[in-house]
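Data first, discussion second: the structure below is written as C-alpha cells.
The values are calculated or read from the model by the stated rules, or taken from the named source; none is laboratory data. The structure presented is a predicted model; accordingly, all values stated were derived computationally and were not measured. All Cβ positions, glycine included, derive from the backbone under ideal geometry; neighbour counts span all protein chains shown. When the accessible area is computed, the model is the full protein with side chains, heavy atoms only, and any ligands, DNA or RNA have been set aside. Shrake-Rupley method; radii C 1.70, N 1.55, O 1.52, S 1.80 Å.
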Amino acid sequence: MTLDPYTSLDAPPRAFLHRLNPLAKLAAPLPFMAWLLVVRDLWTPLLFLCFAVVLVLVGGRLSLRRGAALVIGIPIGVFVLSLSFGLWTDASRVDSTAVLFQLGEYRFFAGAWLIGLATALRLAAILSLALIPGLTTTGPDFVRSAVQHLRVPYRIGYTALAAYRFVPRFRHDLDLITQAHRVRGVAGGRGPVASIRRSFGYVVPLLAGAIRHAERVSFAMDSRAFGAHPTRTERHLVPLRARDAVFVATFWLIGIVLLIVAARLG
Amino acid sequence: MGEPPSVPLRLADVRIRHHGRSADTPDGASFDIARGEVVLLLGPSGCGKSTLALAVNGLVPHAVPARLTGSVVTGGIETTDATVALLSQEVAMVFQDPDAQIVTGTILDEVCFGPENLGLPVDVILTRAQAALLAVGLWDRRGENPDVLSGGQRQRLSIAAALAMESPLLVLDEPTANLDPAGIDDVYAVLRDLVQHGDHSILLIEHNLDASIDLVDRVVVLDRRGRVAIEGRTREVLVDRAVEVAALGVWLPTSTLAALRLRDAGVELAPLPMTGGELTAALDGIRELPDLPRRPPASHAASTTIEVSHLTVNRGRRDLIRDISLTVQTGDFIAVIGTNGAGKTTLIQAIAGVVAPPRGRVTVGGLDPATGDLPALAAHVGFVFQNPEHQFIAHTVVDELTHGLRMRGSNPHDIDAQVTAMLERFGLAELRDEHPFLLSGGQKRRLSVGTALIAGPPVLVLDEPTFGQDRERADELMSLLSRLNRDGTTIVAATHDLQLVAEYATHVAVLRDGELLDTGPTERILADTDLLESAGLRPPPLARAMRNLTAHPEWRSITRLADLPGAPS
Amino acid sequence: MRFSTRLLLTCAAIGVAGGLAFVVSGYVQGLLAATVPILYGALIGIYFLPGVISQSLLRRGGVALLTGLFAGLVAAAFSPQWFFRYLGTGLAIGLLQELPFVTARYRYWKAWVFYLAAAIAGLLFGLGVFIAVGLSHFTGWANLVYFSLFAISPVVVTWLGRIIADRLDKTGVARGLQYEIDRRAGRSESMNALMAAA
Ligand SMILES: Nc1ncnc2c1ncn2[C@@H]1O[C@H](COP(=O)(O)OP(=O)(O)OP(=O)(O)O)[C@@H](O)[C@H]1O
Ligand SMILES: Nc1ncnc2c1ncn2[C@@H]1O[C@H](COP(=O)(O)OP(=O)(O)OP(=O)(O)O)[C@@H](O)[C@H]1O
Ligand SMILES: [Mg+2]
Ligand SMILES: [Mg+2]
C-alpha cells in the first residue's frame, strides 16, 4: 500500500489487480489466511505461497526490485526461519529422526527442521497472501472504499487521509529535532541505553509539534465546512463492480482446489 | 443570503478570553465591514488579531476553548448560534501556515474539498474549482501534489480553496509571513485581482504593509489591550495619525517611517508618503535636502573567523549547494539571502556543523565541523533553529538555559548567576519556571537565542531569526543581535527580510539554486538591483524608493533608515 | 458522542507516531523471529503505545480505538506485507484498551486501571499469537520466557506511554481537549464548560 493517492490511476491495463476494489482484494484471501493460522502440514502453505506470489507477479504492477525481492527473498527468508524455528524446537520429541548436523553437544534433527519449515512456510504464505491487496492498493483508495461501502463515517475517513499527509512532515521534523539535540550536546554517551534515552527526548517535541499542526489543520478543515452534513459529495468513487465479485469467487474456487490438492498430497 | 443583503461582518464590543488566561484579547472590539470593502487590521503582537479572525467564522468559541462576549454577526448570522460549517458559506479563511491548510493529495482535490463538504453536485464543484484555480493561476497544475508547490504557490492554493467556497467575506491572517519576495508578490497579485472585481469583502491581518497597503480601503488599529484605538480610511489612519499609530507599537509602511524620521531632521513631507512612489515624488519635490549623516566606518578586524572553501553539499544525487567559497571576518554580521529553496539553511548548517560538511571545506575559529568534536564546536558556535520548539530539550525555561552551562561543566554558583542575568536580559525572569512550549512566539524565539548565547560562543548562527515574528518583535530581536555584534560576536543569519538586512547586516551573501552569486558589504549588494533580481529577490522598500530619485543623486544609494538624517537614535 | 475535528486530528497525529513505531518494531520483531524467536514477545507492547498516550493525555472515550486505527493504517501503508497485521492489531488493541474504561463510563482514568488492563490484554494477546505462530514445541523454560514477555512488555510500554503523555500534558498542546482523571458523580469539580467546546 502506498501513500501517494495517485499511483493507482496510471495502472497499465495488464495490472488488473490495481483496478479492483480494495475491499474485494481484502475479502478474497482473508478466509485462507485464517485457515493457514491453524494448519500444520507443509503442502497447504507451500501451495498458497506459490499461488499468491504468482498472482501478485501477474496481476500487480511491481518495480523490478520488489519483484526480485518476492521471488528470491521469500525462499531465503523461509529457509532461514525454518532453521531458527527448528533450533528452538524440543529435541526430545524428534530425536527419532535423522541428524542433519551436529555442533558439539547439540544435534539438529530432520524432524526439528521440518517443524521449523512448516512454521516458516505458514508465515510466508500468510504474508504473501496479504501482499495481494497490500502491493496493489493505495491507502487513500482503501479509506475511500471503506467510507463508501463499510459505512465508516467520512469524518474519520478523511482524518485518515489527512494522517497520511502528516507522515512526511513527521520525518522532516524528526530530522530537525535530531540535529538540534545533537548540536546542543544532548549526545549523552554511547550504547543502547543512551540512544534510547536520547530518542525518548525526541518523542515529546515531535508529538507536541504534530499535535499543534493537527490543531491548525483541523481549523482549516472546519472553516471549509468539514462535517457540515451527514454525507458529502464524493468525486473519487471506488465502486464495487461485477469484476470484483468475479475475482473473489474465482479466488475462493482456486483456494478450495488448492486445499483439496494439499489434502491429497499430505 | 438574507434579504435585504446583510453586512458581511458586524462586530459589537467583542471580548474573547482564552482558556486559562486572565485578560481578554481582543477586549471590546467593534467595527463593520461593508460589501466589497478591504479592511486591514493592525495591532501589536498579542493584542488578539488572530483570535478575532477565528471568531469571525465561529472557530472561537466553537472549536477554540475560549469565552466570547459581545456579538459577532457574519453575513447576518450570530456566530454563537451557528455552526462553523454553516458560517463557512458566509466567510472563508486563509491562515498563515500554508502547510497546515492542505488536506488532500492533489491541487484539484484541495480546491474541491470545501464544496464537496457542502454536498454540492459534482459539476457545480468542478466549475467552482476551475474558476478558483484560474483566478490564482494554478489551473494547469491541478493534477500535481501540493507538496511540490513553493510556499507562495501553496498560499495561492489556500486562497483558491477559500474562493471555491464562494463566500462574500474573505479573512486572511498574515498570508505572506515567511514567504520570499516572489511568493509575496504572487499572493498580492491574486488579491489585487479579487479587489478589482470587487465582489469580495476582505479582512486582512498583515505585518508587511509595504506589500499590501495599496489595496486597503480602511484600517482598524487595536491597542495592546485589544481595543479599537484608531479606525478610518487608510490615509486618515496611516498618514494623518501616523505618530499615534507608531506610538501603539504598530509598524508603518517603510516610506512613512522614513518621512517621520526626516521630519525630526526638519524635512517636512506633507502629506506623509505611504508608498515608495510617493516618497520618491515627495523628496524630488524638495529643492534642498540636508546633508547625509556620515556613517562611522565599520571597524574591520583583520582576523578571519569563518572560512568556507569550495563547499559542496549533496543529498543523494542532488547538490543542495555547489562550490561555495566565503570568508567571514571576526565581528562581521553577515546575512545569507535567497529565495525559498536557494540553500540558505543548508549553507549555515554546514558552517555550524549541524550537518557535518565534507572534511577540510569549512573552518570556524580554527575548528573543522567535519571532524566533529561536538562539545568544542558547540562552545564556539551557537546555532538557532528556524523553529525554536525543535531545539527545546528541558521542561522549564530555566533548565533550558542551564543546560548549555552544565554541558560545559561550569560550577553551579556561576551557572545560577549567568542564568539569572540572561533571564533578566531577555525579559523572561517571571517565566523562569514555565514550560518553554507555553511561551508566546516572541518569547520562544528570545529563549532559543538565549540558549545559544549563554555559553558565550564567539560565533552565532541563526536560521531565519524573524520567522513567524511580527515586525516589532523581529526588530527587537535584530537590535539585540546587533548589540551582540558590536560587542564582537560574529553573526551569520539566513533571512528573507531585506529591510532588516539593510538595517543591521554588515555583509550579505546572495544564493541562487545552491550557488553563491555574490558576497560583499551590505551597501554594495543591496544597491545592485540586477544582482538581486537575478537571485529572484527585490531591493528592500526604502532602496526601491531612493534609487528612483532624480533631484538628489547623492541620496540614491540609501538603503537604511538609519542613513537618513534624523534624530540621532 | 460526536468527535470534534480537532480531537480527530489530534488522534491522527498520535496515530501517525504510533504507526511509525509499529513499522520500526515490526522489522526488529522480524529479526528476533529469525534469530531468537522466544524474545518475540518483547516488542509486542509497542502496539499499546498510541492508545496509552492518547488515553492518558485526553482521557476520553474512543480515542484509543481511533489512534489504533490511524496507527494501523499508516503502518500498513509502509509495509504492505503486514497490511492485515498492522490494521488488525491496531484496531484490536485499541478496542481492548477501550474496554476497562468503558466499564466506568469513561469517567475514571487512574493509573492502576491502565496497568491492570495492559497486563490482562498482554496475556490475551500472547495467547492469540501463541496459536498463530504455534511454536508448541518450545522446551519448558523457553515457553515460560516466550509467554511471560507478552504479558510484561505491554505493562512496560504503558509505563513509557504514560510518561510521554505526562510530558506532553505539560506542553499544553492538548488544552481544551482533555477531561479530568476522575469525573465520577460527586468527585468531578463541575466539568469545564470550555472543554465541552472542543
Ligand atoms: N490557544 C490559546 N490558548 C491560550 N492563550 C492563547 C491561545 N491563542 C492565543 N492566546 C493568547 O491570546 C492573546 C492573543 O493572541 P493572538 O494570536 O490573537 O495575538 P495576535 O494579535 O494574532 O498576535 P500576533 O500578531 O503575534 O499574531 C495572546 O496573549 C496569546 O498568548
Ligand atoms: N534533507 C534533504 N534532502 C533532500 N533535499 C533537501 C534536503 N534538505 C533540503 N533539501 C532541498 O535543498 C534545497 C535547499 O534547501 P534549504 O532548506 O537550504 O533552502 P532555504 O534557502 O533554507 O529555503 P527556505 O528559505 O524555504 O528555508 C531545497 O530545494 C530543499 O528542497
Ligand atoms: Mg496572529
Ligand atoms: Mg531555510
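A quick yes/no check of all residues on (1) open to solvent by 60 Å² or more (accessible area, probe 1.4 Å); (2) more than 19 Å from A:ILE177 (Cα to Cα); (3) not β-branched (Val, Ile, Thr):
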site	(1), (2), (3)
B:VAL355	no, no, no
B:LEU377	no, no, yes
B:ALA394	no, no, yes
B:GLU400	no, no, yes
B:HIS403	no, no, yes
B:ASP414	yes, yes, yes
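Looking only at residues of the range B:490-520 that are free of Cβ contacts under 8 Å to residues at least 60 places away in the same chain and over 19 Å from the mean Cα position of the chain (by Cα), we find that the one that is least open to solvent (accessible area, probe 1.4 Å) is B:GLY520. In the set (1) modelled with pLDDT of 90 or more; (2) more than 8 Å from chain C (Cβ to nearest Cβ), A:TRP113 fails one condition alone, (1). If you go through the range B:392-445 and pick out every residue that is among the polar types (S, T, N, Q), in a helix (DSSP H, G or I) and at pLDDT below 85, you end up with 1. The numbered conditions (1) touching a Leu at 6+ places or on another chain (Cβ under 9 Å); (2) surrounded by fewer than 20 Cβ atoms within 10 Å (Cβ to Cβ); (3) in contact (Cβ under 8 Å) with a residue 40 or more places away in the chain; (4) at the interface with another protein chain (Cβ under 10 Å from one of its Cβ atoms) are all true for A:ILE132 except (2). Is there a residue in the range B:211-220 that is closer than 23 Å to B:ASN57 by Cβ and among the basic types (Lys, Arg)? Yes: the range B:211-220 contains one or more residues that are closer than 23 Å to B:ASN57 by Cβ and among the basic types (Lys, Arg).
The set of residues in the range B:1-34 that are surrounded by fewer than 19 Cβ atoms within 10 Å (Cβ to Cβ), in a loop (DSSP other than H, G, I, E, B) and not aliphatic (A, V, I, L, M) comprises B:GLY2, B:GLU3, B:PRO4, B:PRO5, B:SER6, B:HIS19, B:GLY20, B:ARG21, B:SER22. For the range A:176-233, a tally of residues being more than 7 Å from every other protein chain (Cβ to nearest Cβ), in a helix (DSSP H, G or I), open to solvent by 40 Å² or more (accessible area, probe 1.4 Å) and at pLDDT 85 or above returns 1. Only residues that are assigned to a loop (DSSP other than H, G, I, E, B) and touching a residue at least 60 places away in the same chain (Cβ under 8 Å) were counted across the range A:234-266, and they come to 8. In summary, B:GLU37 fulfils each of the numbered conditions (1) open to solvent by less than 30 Å² (accessible area, probe 1.4 Å); (2) more than 16 Å from ligand 1 (Cβ to nearest atom); (3) touching a helix residue (DSSP H, G or I) at 6+ places or on another chain (Cβ under 8 Å) with the single exception of condition (3). Looking across the range A:137-175, just one residue is in contact with a Ser or Thr (Cβ under 9 Å, 6 or more places away or on another chain) and open to solvent by 50 Å² or more (accessible area, probe 1.4 Å), and that is A:ARG165. Per the conditions (1) within 11 Å of the chain's Cα centre (by Cα); (2) at the interface with chain A (Cβ under 10 Å from one of its Cβ atoms); (3) open to solvent by 20 Å² or more (accessible area, probe 1.4 Å); (4) of a type in the set (Val, Ile, Thr), the sole criterion not satisfied by C:ILE53 is (3). The residue that is farthest from the other protein chains (Cβ to nearest Cβ), counting only those in the range B:28-48 that are within 16 Å of ligand 3 (Cβ to nearest atom) and touching a Gly at 6+ places or on another chain (Cβ under 9 Å), is B:PRO44.
The residues of the range C:1-19 that are buried (at least 20 other Cβ atoms within 10 Å of the Cβ) and aliphatic (A, V, I, L, M), listed by number, are C:LEU7, C:LEU8, C:LEU9, C:ALA12, C:ALA13, C:ILE14, C:VAL16, C:ALA17. Close contacts from the range B:363-386, counting a first residue that is within 12 Å of chain A (Cβ to nearest Cβ) and at pLDDT 85 or above and a second that is within 16 Å of ligand 1 (Cβ to nearest atom) and not in a strand (DSSP E or B), with Cβ to Cβ under 7 Å and a gap of 6+ residues or different chains, come to B:VAL384/B:PRO465. Residues of the range C:25-48 being within 10 Å of chain A (Cβ to nearest Cβ) and modelled with pLDDT of 90 or more, which ones? None; the set is empty. The conditions of being without any contact (Cβ under 8 Å) to a residue 40 or more places away in the chain and under 29 Å from the mean Cα position of the chain (by Cα) are not met by B:GLU389. Within the range B:306-322, residues that are open to solvent by 70 Å² or more (accessible area, probe 1.4 Å) have Cβ atoms under 7 Å from residues that are not in a strand (DSSP E or B) in these pairs: B:HIS310/B:ARG361; B:ARG322/B:GLY514, counting only partners at least 6 apart in sequence or on another chain.
Tallying residues that are within 13 Å of ligand 3 (Cβ to nearest atom) and open to solvent by 10 Å² or more (accessible area, probe 1.4 Å) within the range B:49-62 yields 4. Within the option set B:ARG294, B:ARG233, B:ARG241, B:ARG261, being closer than 21 Å to B:PRO44 by Cβ and more than 24 Å from the chain's Cα centre (by Cα) holds for one residue only, B:ARG241. Just wondering, is there one or more residues in the range B:127-135 that are free of Cβ contacts under 8 Å to residues at least 24 places away in the same chain, among the polar types (S, T, N, Q) and more than 16 Å from ligand 4 (Cβ to nearest atom)? Yes, the conditions are met somewhere in the range B:127-135.
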